[in-house]
Amino acid sequence: MSPTLRLCVLPGDGIGPEVTEIACSVLERALAGAGLSLSIETGLIGGAALDAAGDPLPAAALAAARQADAVLLGAVGGPRWDQARPRPEAGLLALRAGLGVFANLRPVQVWSGLERSSVLRPERVAGADILFVRELTGGAYFGRPQGETGTAPDRRAVDTTAYGETEIRRVAEVAFQAAEARRRHLTSVDKANVLATSRLWRTVVDEVAAQHPTVTVAHLLVDSCALRLLQAPREFDVVLTENLFGDILTDEAAALVGSLGVLPSASLGTGGPALYEPVHGSAPDLVGRQQANPLGAIGSAALCLRHSVGRPDLAAAVEAAIAATIAAGQCTPDLGGSATTGAVAAAVLTALDRSAAA
Ligand code: IPM
Ligand code: MG
């Protein structure tokens with residue numbers, strides 16, 4: 001990478017602007033310590049873009065995203081736009097599709113201190129460390145035809161789940177490579193007892209598995225997976241699944257750490273810029289109250305250092321600073337703490353500076 005990371009920031013709605021601003025300051029601090037710099041271009045997405053430009057992803061925002069080294073997104077949506085057509089979320093889907101980021105990595109790590117906020121007993125969840133790899137640009141989210149048909153009293157709506165072999169193979173490849181760098185266990189999640197797309201999914205995953213003999217593979221039906229995640233979260237290493245199942249299971253997995261607010265994500269394609277975003281939503285009720293948890297966005301910045309900057313050492317330093325902040329009990333109310341957004345951000349920056357000085 002050049003000495004400057006050119007980041008396109010799309011703050012979006014609700015708490016998006018608050019948390020992306022903090023993530024940028026952490027990113028800047030981490031890069032500066034390595035003699036690298038950050039340049040930021042901001043763009044509109046979601047409800048903010050609907051209000052300003054009548055389009056949830058204006059062409060200028062997509063162009064800026066495509067030209068950047070990486071894209072950082074805050075959150076989209078909110079009750080204000082519930083009746084809007086298109087919806088703010090359409091901007092996010094168009095961005096994911098427009099960047100071709102088909103592999104969504106969502107690490108869920110029960111860092112020491114988080115077991116206190118988990119819905120599970122600490123001894124059941126402590127040390128759980130799962131990497132979800134969610135297919136992000138296919139399935140029901142992008143199925144055609146979409147929308148309502150017919151007239152009252154027999155209105156209908158149709159969404160189609162379609163998956164092609166190439167789409168399954170490329171995301172499976174990402175997941176197997178991730179498993180090789182972790183504990184070498186991969187759980188592929190589907191609904192092959194009912195869905196044809198899931199049966200193709202299983203077949204293709206087995207073919208990819210044959211190329212990765214050191215990784216053990218288990219196939220699990222999505223309903224069983226939902227149960228097992230709560231019964232035995234430590235059984236999982238890498239979980240590979242399609243778009244809709246991945247959306248649902250990663251929210252469920254947030255209960256393992258107690259809050260969506262801490263979960264980061266990275267969405268990768270081939271070649272172009274990757275997209276980084278916290279898993280949480282726009283949380284309109286928290287806006288401007290210093291209660292938003294910035295750790296999901298900061299963790300996403302760490303993933304950017306790993307995957308777009310190619311500096312796993314800097315990523316690990318930011319992750320260690322997050323872990324230290326949690327261990328010190330500096331947590332926002334979603335994690336049962338009473339720290340403000342700003343206090344958590346300051347604690348992460350202090351921990352980062354301390355590790356740089358050490
Ligand atoms: C997520 C979100 C999005 C999704 C929404 C906002 C469209 O829930 O990133 O998990 O469903 O993918
Ligand atoms: Mg979701």
Note: Ala320 to Thr203 extended length (0.36 nm per residue) minus current alpha-carbon separation gives 38.2 nm
Order by accessible surface, 1.4 Å probe, largest leading, for residues Arg170, Arg354 comes to Arg354, Arg170
Filtering the chain for DSSP H helices with an axial alpha carbon extent of at least 20 Å and a Kyte-Doolittle mean of at least -1.0 returns 16-32, 165-180, 196-210, 243-257, 312-327, 341-357
Mean separation of Cα contacts under 8 Å (at least 6 apart) over the residue count of the chain, i.e. the relative contact order in percent, is 21 percent
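The values are calculated or read from the model by the stated rules, or taken from the named source; none is laboratory data. The shown structure was predicted, so the numbers you read here are calculated from the model rather than taken from an experiment. Areas reflect the complete protein model, heavy atoms only, side chains present, ligands, DNA and RNA absent. Shrake-Rupley method; radii C 1.70, N 1.55, O 1.52, S 1.80 Å.
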